[in-house]
Amino acid sequence: MSYNPKSYRKFLATATAAAVVASMAAPAANAAATKEFPDVKKDFWAANSIYNLVEKGIINGYEDGTFKPNKELIRGHAAILLTKAMELPIPEDLTSFSDINSKSGFAEAAAATKQAGIFIGSNNKFGGTDILTREQVASVLVRAFDLVGTDEKVTFTDMDKVNPSHKDDVIILAQNGITTGTDSGKFDPKAPVTRASFTTFINRILEKETSNFKLSIMHTNDTHAHLDNVAKRSTAIKEVRAKKKDSLLIDAGDVFSGTLYFNEFRGKADLEFMNYMKYDVMTFGNHEFDLGSSPDGHKALSEFVKNAKFSFVSANVDFSNDELFNGIYHGGTIANKPSQGNIYSGIIKEVNGEKIGIFGLTTEETADISSPGKVKFQNYIEQAKKAVKSLEDQGVNKIIAVTHIGYDDNPEYDNDLELAAAVPGIDIIVGGHSHTELKKPVVIDKDKDGKAKDPTVIVQAYQYSDFLGTLNVEFDDKGRVVGQAGKLIKVADKTEDPVAAKMLKQYSDKIKEVKNTETGAVSTVELLNPRASETSSVSVRANETALGNLITDGMLDKAKEFNKDTVIAMQNGGGIRAALDKGPITLGDVLTVLPFGNTLATMKLTGAEINEALEHSVSQTPKEHGGFLHVSGMKFTYDSSKPAGSKVVSVEVQGADGTYTALDKTKEYVIATNAFTAKGGDNYDVFKKAYEAGRVTDLGLSDWENLRDYVTKLKTVEPKVEERIVDIAK
C-alpha cells in the first residue's frame with residue numbers, strides 16, 4: 001500500500017518551508033543539507049535520522065555549520081518545529097497562554113499547538129524557554145501524531161520514576177518503537193531531551209507513518225433523547241474535529257425514547273442536532289421501533305431517516321414489508337456512494353484515500369421488547385458474515401460494525417463479544433444497547449474456539465450523551481489492526497456551544513411547560529421519601545415505604561407485559577430521590593422521584609440467589625444503605641440484630657391468586673429490577689454474576705415512564721405500607 005497518511009503528506013508538502021528558526025535551527029547555508037555536519041559524523045547514532053530530516057528540509061543546522069546534536073531542546077522550539085511540519089492553522093488569538101504575548105517569537109507556535117491539543121501548558125502558562133524532559137516529549141509526540149498503543153510489554157527498568165501523567169504515553173512511544181531507551185535498559189524520564197533524540201523520534205514516526213493508516217472515530221450510543229447536555233456534546237465534537245477533522249462520527253442507536261423531548265417531538269429535536277453536529281452514520285436501536293404499535297406506525301422513524309443528513313446501516317433489519325420505508329430502504333446493498341436519508345446494509349466511506357466499510361446490526365430481541373410491527377429481524381451472525389464478505393469483495397479491508405446488540409448482553413440473542421469471536425474480518429465494533437461504560441477499548445484476539453485471530457476493537461460510550469467516545473486505530477498495509485487507543489470525554493466538563501444552546505432553547509422552553517402536564521392520576525395522600533435523622537430512624541434506604549411499594553408495583557406491572565412469568569420486582573432505595581405530594585401528579589413530579597432514567601430489566605434467579613440478594617439488601621440495617629430493596633410480588637422478614645449474611649428469616653412469593661408461598665431456593669424465578677442494580681450496582685454481586693451469565697434482559701423502558709404509565713392506569717393513587725418488609729427485631 002502506497003498511501004501516505006495526512007500528517008506525513010503535510011510534512012512533505014511543507015518541507016521547503018519547515019526550516020526551524022531561532023537557536024533550534026537558525027538559517028544555515030543551503031549546503032548544510034548536502035554536506036556532513038562537523039559535529040554529526042556518519043557513525044553517530046542519530047546521524048541517519050538527522051540527515052533524513054535535513055534532506056527533506058524539515059530541520060537545518062546552525063549558521064556556523066554545526067548541528068549541535070546534544071543541545072537541550074526547549075518547548076518553544078519544539079512547538080515551532082511541529083507547527084511548521086504539521087502545517088497547523090494559526091489562531092487569530094495569539095495570547096492563549098498567560099506568559100505569551102502576540103510579539104513573542106513563540107506566539108504563533110504556542111497558540112497553534114495549544115489549539116491542536118499538543119501543548120497544554122501548566123496553570124495557563126506555556127513556558128517557552130523551559131527545557132523538555134524525555135517523559136514530557138513522550139506526551140507531546142503521542143498527542144501530536146495520534147500514536148496508539150499495542151499489547152507489547154514495555155520493560156524499562158525505571159518506569160516507576162515516570163510521572164503518572166506521562167506513563168501511558170511513554171509506554172505508547174516504546175510500543176511503537178519510537179524510543180528504545182538507554183543502553184542500560186532505562187528510559188531516563190527526567191533527563192532533558194536533546195536535538196538528536198527529538199530528531200530521531202520524529203524520523204521514526206515518519207518512517208512508521210509511511211506504511212500504516214490511522215483512523216479516528218467519535219461515537220455515541222443510547223442517548224435516549226437526553227438533550228439538556230447537547231450543546232456541550234457539540235463542543236466536545238468540535239474540539240476533537242479541530243485536531244482530527246477527518247474523524248468519523250457514529251451513533252450506535254437508541255436515539256428515540258427516554259425523556260420528554262422524545263415524547264413531545266418524536267425524534268425531530270434529536271435529528272436537528274445530529275445534522276448540525278454532522279454525524280456520518282447511525283444504526284437502529286430497539287427503541288427506534290417503539291412507535292410501531294401507534295396509529296401512525298413508524299411514520300416518525302421514517303421521517304427521521306428521510307430528513308437525516310447522514311446514512312443509516314443495518315444488515316439484519318428488513319424494512320421491505322413496511323411501505324413507509326419504500327424508496328429509502330435498500331436491503332442487502334453495500335453502497336459505495338451512499339445517499340443521506342437512506343438505509344443500507346452497509347456503506348463505504350473514503351477517509352484520506354482509504355476505503356472504510358461500515359455495516360450495522362440491531363438486536364433480534366427488538367421483536368420482544370419493542371413494537372417493530374412489519375419490520376423483521378434476521379440472525380446477526382449470518383448477516384454480519386454476508387456484510388463482511390460483500391465489503392471484502394469490493395476491496396475493503398478496514399471494516400466497522402456499528403451495533404445495537406449489547407457489549408455482554410444476553411448471548412441467547414446477541415452481543416458484541418460473541419460477534420467479535422464468531423465473525424472474521426471485523427476490525428472495530430462501535431456498540432450500544434447495554435449502556436456499557438468502556439473507559440478503554442476492549443480487544444478480542446481469539447475466535448470462538450479460543451484460537452488466535454486478527455484483533456477486533458470494541459468500544460461503547462455508556463448512555464444519555466454523558467460521554468463522547470473517541471477511538472484511534474492504526475492499521476498495517478494489509479488492513480490489520482496493529483494499534484489502538486480510546487477514551488471517553490466527559491461531556492459535562494465542556495462549555496456550551498452557543499449555536500447549539502440557542503437551538504435547544506426552542507425545545508427546552510416547551511419541555512418546561514410539558515413538565516407541568518398532569519398524568520391524569522391523583523395521589524390521595526402525601527407519599528413520603530424519608531431519610532434517617534436525629535428524630536427518626538425511618539428511611540427509604542432502610543424501611544418499606546408506600547412510595548417504594550408504588551414504584552415496584554409499577555415495575556412488576558410493566559415487566560409482565562413483556563414477560564408474563566415475572567413474579568417479583570425490586571427497586572433500590574438509593575434510586576428513589578423525592579416524595580410525591582398529595583394531589584394531581586404531573587410529569588415533573590414523576591421525573592423528580594425517578595430522575596436517573598434507569599431502564600427496566602428482567603432477570604432469572606434461583607430462590608437461593610434471591611435470598612442472597614435480600615441478605616445484601618438488609619446487610620447494613622438498621623443503618624441506611626442505598627442498595628436497600630423495596631419489593632413487589634413478595635414479602636420477607638429479617639432480624640436486624642443478627643450479623644450481616646444471616647439476617648433474613650423468611651421469604652414468601654405471591655402467586656397469581658394473591659396467596660403467598662415460601663420461597664423455593666431450588667426453583668428459578670423471573671424478577672424485574674432496574675438495569676443499574678441488575679448489572680451489580682450497589683455491590684449486588686449475585687446480580688452481577690447473573691448478568692455476566694446472560695440471564696438478564698434489559699427491556700429498555702425508563703423507570704419514570706413506567707411509573708407514569710402505572711399511576712395513569714390507577715388514576716387514584718393510594719399505596720400503603722403493607723408489611724412487605726418486616727424487621728422482627730423491632
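The values are calculated or read from the model by the stated rules, or taken from the named source; none is laboratory data. This one's a predicted model, so the numbers in the text were calculated from it and none came from an experiment. So basically every Cβ, Gly included, is an ideal-geometry build from the backbone, and we count neighbours across all protein chains shown. Remember, those area values only see protein heavy atoms, side chains included, never the ligands or the DNA or RNA. Shrake-Rupley method; radii C 1.70, N 1.55, O 1.52, S 1.80 Å.
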Which count do you get for residues in segment 79-105 that are of a type in the set (Ser, Thr, Tyr), surrounded by fewer than 16 Cβ atoms within 10 Å (Cβ to Cβ) and out of contact with any Lys or Arg (no Cβ under 9 Å at 6 or more places or on another chain)? 2
Closer than 30 Å to residue 683 by Cβ, in a helix (DSSP H, G or I), touching an Asp or Glu at 6+ places or on another chain (Cβ under 8 Å) and open to solvent by 20 Å² or more (accessible area, probe 1.4 Å) - does that describe any residue in segment 563-583? no
For the list (1) assigned to a loop (DSSP other than H, G, I, E, B); (2) within 22 Å of residue 256 (Cβ to Cβ); (3) open to solvent by less than 10 Å² (accessible area, probe 1.4 Å), I need the number of the one condition that residue 373 fails. (3)
By residue number, the members of segment 138-164 that are within 21 Å of residue 440 (Cα to Cα), charged (D, E, K, R) and outside any helix (DSSP H, G or I) are 146, 151, 152, 153
Check segment 89-112 and report whether any residue there is in contact with a His (Cβ under 9 Å, 6 or more places away or on another chain), under 21 Å from residue 199 (Cα atoms) and part of a loop (DSSP other than H, G, I, E, B). yes
Residue 408: over 27 Å from residue 320 (Cβ atoms), among the charged types (D, E, K, R) and modelled with pLDDT under 95, yes or no? yes
Any chance segment 64-81 includes a residue that's closer than 20 Å to residue 191 by Cβ, part of a loop (DSSP other than H, G, I, E, B), at pLDDT 90 or above and out of contact with any strand residue (DSSP E or B) (no Cβ under 8 Å at 6 or more places or on another chain)? yes
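So if I check each of 367, 401, 420, which one is open to solvent by less than 20 Å² (accessible area, probe 1.4 Å) and assigned to a helix (DSSP H, G or I)? Give the derivation first.
On the way: 367 fails: open to solvent by less than 20 Å² (accessible area, probe 1.4 Å); 401 fails: assigned to a helix (DSSP H, G or I).
Result: 420 is the single residue among 367, 401, 420 that is open to solvent by less than 20 Å² (accessible area, probe 1.4 Å) and assigned to a helix (DSSP H, G or I).
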Please identify the pairs in which a residue from segment 640-668 that is in contact (Cβ under 8 Å) with a residue 40 or more places away in the chain has its Cβ atom under 6 Å from the Cβ atom of a residue that is surrounded by 10 or more Cβ atoms within 10 Å (Cβ to Cβ) and part of a loop (DSSP other than H, G, I, E, B), counting only partners at least 6 apart or on another chain. 640/621; 640/622; 640/729; 641/729; 649/639; 651/663; 653/663; 654/633
Answer with yes or no whether residue 408 is free of Cβ contacts under 8 Å to residues at least 12 places away in the same chain and open to solvent by 30 Å² or more (accessible area, probe 1.4 Å). no
Would you confirm, using the coordinates I've provided, whether residue 662 is touching a Ser or Thr at 6+ places or on another chain (Cβ under 6 Å) and open to solvent by 30 Å² or more (accessible area, probe 1.4 Å)? no
I need the full set of residues from segment 503-555 which are small (Gly, Ala, Ser) and either surrounded by 14 or more Cβ atoms within 10 Å (Cβ to Cβ) or under 20 Å from residue 627 (Cβ atoms) (or both), in order please. 508, 521, 523, 532, 537, 539, 542, 546, 548, 554
Counting only residues in segment 227-257 that are assigned to a loop (DSSP other than H, G, I, E, B) and out of contact with any Asp or Glu (no Cβ under 8 Å at 6 or more places or on another chain), the one most open to solvent (accessible area, probe 1.4 Å) is identified as 245
